[in-house]
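The values are calculated or read from the model by the stated rules, or taken from the named source; none is laboratory data. Since the structure is predicted, the reported quantities are computational estimates derived from the model, not experimental observations. Cβ coordinates were reconstructed from backbone atoms using ideal geometry, including for glycine residues, and neighbour counts include every protein chain displayed.
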Amino acid sequence: MSKPLRHCCVPVSPRIHRCVKIGPGQKVGIIGLGGLGYMGVKFAKAMDAHVVMITTSPDKGKDADEILVSRDPAAMTKHAGSFDFLLNTIPVCHDANPYLGLLKLDGKMGMVGVLTELEPIVGANLIFGRKSMFGSGIGGMTETQEMLDFCGEHNIISDVKMIAIKDVNHA
């Protein structure tokens with residue numbers, strides 16, 4: 001099994017689906033477009049959600065239904081209160097408060113990337129709108145098998161790019 005599938009897909013796969021019931025008619029945002037983010041896009045698309053890549057790099061959005069550039073205040077305002085679920089895959093300390101403003105009533109944000117402290121969360125950003133945040137990490141054998149079955153049913157594969165060792169620092 002490829003490392004992207006084992007380490008990326010289990011946190012963002014059917015296990016997340018059980019927490020938030022992603023499906024048709026729902027708007028899902030994927031924040032951060034590394035390995036976790038790209039696999040999250042594939043899973044959300046397979047669940048028939050409307051998928052928006054939320055990124056600082058607009059050239060990365062080829063697989064999503066839509067792109068939201070998080071550095072664009074007008075775009076963030078336009079999408080405020082419109083997401084059912086956000087999958088936050090950013091692997092470093094960051095301010096999650098602006099993303100909470102994107103969630104609609106009872107919206108949820110799953111944190112799967114950050115392993116360090118977050119910037120402080122403003123309680124009002126959760127309380128007003130009944131929003132919630134949760135975390136998910138690598139699962140056990142049951143979750144891994146669920147993920148593999150889901151990948152097989154939906155033809156989800158990890159993308160692999162071969163690079164020369166001399167180019168490793170530029171990948």
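Report whether or not Ile163 is surrounded by fewer than 17 Cβ atoms within 10 Å (Cβ to Cβ), in a loop (DSSP other than H, G, I, E, B) and modelled with pLDDT of 90 or more. Before the answer, list the steps.
Working: surrounded by fewer than 17 Cβ atoms within 10 Å (Cβ to Cβ): yes; in a loop (DSSP other than H, G, I, E, B): yes; modelled with pLDDT of 90 or more: no.
Criteria not met by Ile163.
Counting only residues that are part of a loop (DSSP other than H, G, I, E, B) and surrounded by fewer than 16 Cβ atoms within 10 Å (Cβ to Cβ), which one in the range 102-126 is nearest to the chain's Cα centre (by Cα)?
Taking the range 102-126 and keeping what is part of a loop (DSSP other than H, G, I, E, B), we get 102, 112-122.
From what is left, the residues that are surrounded by fewer than 16 Cβ atoms within 10 Å (Cβ to Cβ) are 115-117, 119-122.
Details: Leu115: 15, Thr116: 17, Glu117: 18, Glu119: 19, Pro120: 20, Ile121: 19, Val122: 21 Å.
Here the answer is Leu115.
Is it true that Ile138 is outside any helix (DSSP H, G or I) and either surrounded by 12 or more Cβ atoms within 10 Å (Cβ to Cβ) or touching a Lys or Arg at 6+ places or on another chain (Cβ under 6 Å) (or both)?
So Ile138 fits the description; yes.
State which residue is nearest to Leu86 (Cα to Cα) when the search covers only the range 1-43 and only residues that are part of a loop (DSSP other than H, G, I, E, B) and at pLDDT below 60.
Initially, the range 1-43 is screened for residues part of a loop (DSSP other than H, G, I, E, B), giving 1-2, 13, 21-26, 32-34.
Filter again for at pLDDT below 60, leaving 1-2.
Numbers: Met1: 27, Ser2: 25 Å.
Result: Ser2.
Cβ-Cβ below 7 Å, separation at least six or inter-chain, first residue in the range 60-73 and closer than 20 Å to Ile157 by Cβ, second assigned to a loop (DSSP other than H, G, I, E, B) and modelled with pLDDT under 95: which pairs?
Here the result reads Lys60/Leu33, each pair linking the range 60-73 to a residue that is assigned to a loop (DSSP other than H, G, I, E, B) and modelled with pLDDT under 95.
Just a yes or no: is a residue in the range 128-144 of a type in the set (S, T, N, Q), under 17 Å from the mean Cα position of the chain (by Cα) and modelled with pLDDT under 85? Spell out the reasoning first.
Our first condition is that a residue be of a type in the set (S, T, N, Q); within the range 128-144, this holds for 132, 136, 142, 144.
Filter once more, keeping what is under 17 Å from the mean Cα position of the chain (by Cα): 132, 136.
Still in the running and modelled with pLDDT under 85: 136.
The answer is yes, given that some residue of the range 128-144 is of a type in the set (S, T, N, Q), under 17 Å from the mean Cα position of the chain (by Cα) and modelled with pLDDT under 85.
Considering the range 49-63 alone, what residues qualify as being at pLDDT 90 or above and either among the aromatic types (Phe, Trp, Tyr) or closer than 21 Å to Gly23 by Cβ (or both)?
Ala49, His50, Val51, Val52, Met53, Ile54
Right, Ala46: crowded, with 20+ Cβ neighbours inside 10 Å and modelled with pLDDT of 85 or more or not?
Numbers: crowded, with 20+ Cβ neighbours inside 10 Å: no; modelled with pLDDT of 85 or more: yes.
For Ala46, the condition - crowded, with 20+ Cβ neighbours inside 10 Å and modelled with pLDDT of 85 or more - is not met.
Residues that are over 19 Å from Gly23 (Cβ atoms), surrounded by 13 or more Cβ atoms within 10 Å (Cβ to Cβ), modelled with pLDDT under 90 and not hydroxyl-bearing (Ser, Thr, Tyr): does the range 81-95 have at least one?
Yes, there is a match, as at least one residue in the range 81-95 is over 19 Å from Gly23 (Cβ atoms), surrounded by 13 or more Cβ atoms within 10 Å (Cβ to Cβ), modelled with pLDDT under 90 and not hydroxyl-bearing (Ser, Thr, Tyr).
What number of residues in the range 55-68 are closer than 13 Å to Tyr99 by Cβ and either of a type in the set (A, V, I, L, M) or assigned to a strand (DSSP E or B) (or both)?
Initial filter on the range 55-68 (closer than 13 Å to Tyr99 by Cβ): 55-56, 68.
Retained after the next criterion (residues that are either of a type in the set (A, V, I, L, M) or assigned to a strand (DSSP E or B) (or both)): 55, 68.
Here the count works out to 2.
Please determine whether any residue of the range 129-142 is farther than 17 Å from Gly32 by Cβ, in contact with a helix residue (DSSP H, G or I) (Cβ under 7 Å, 6 or more places away or on another chain) and touching a residue at least 60 places away in the same chain (Cβ under 8 Å).
yes
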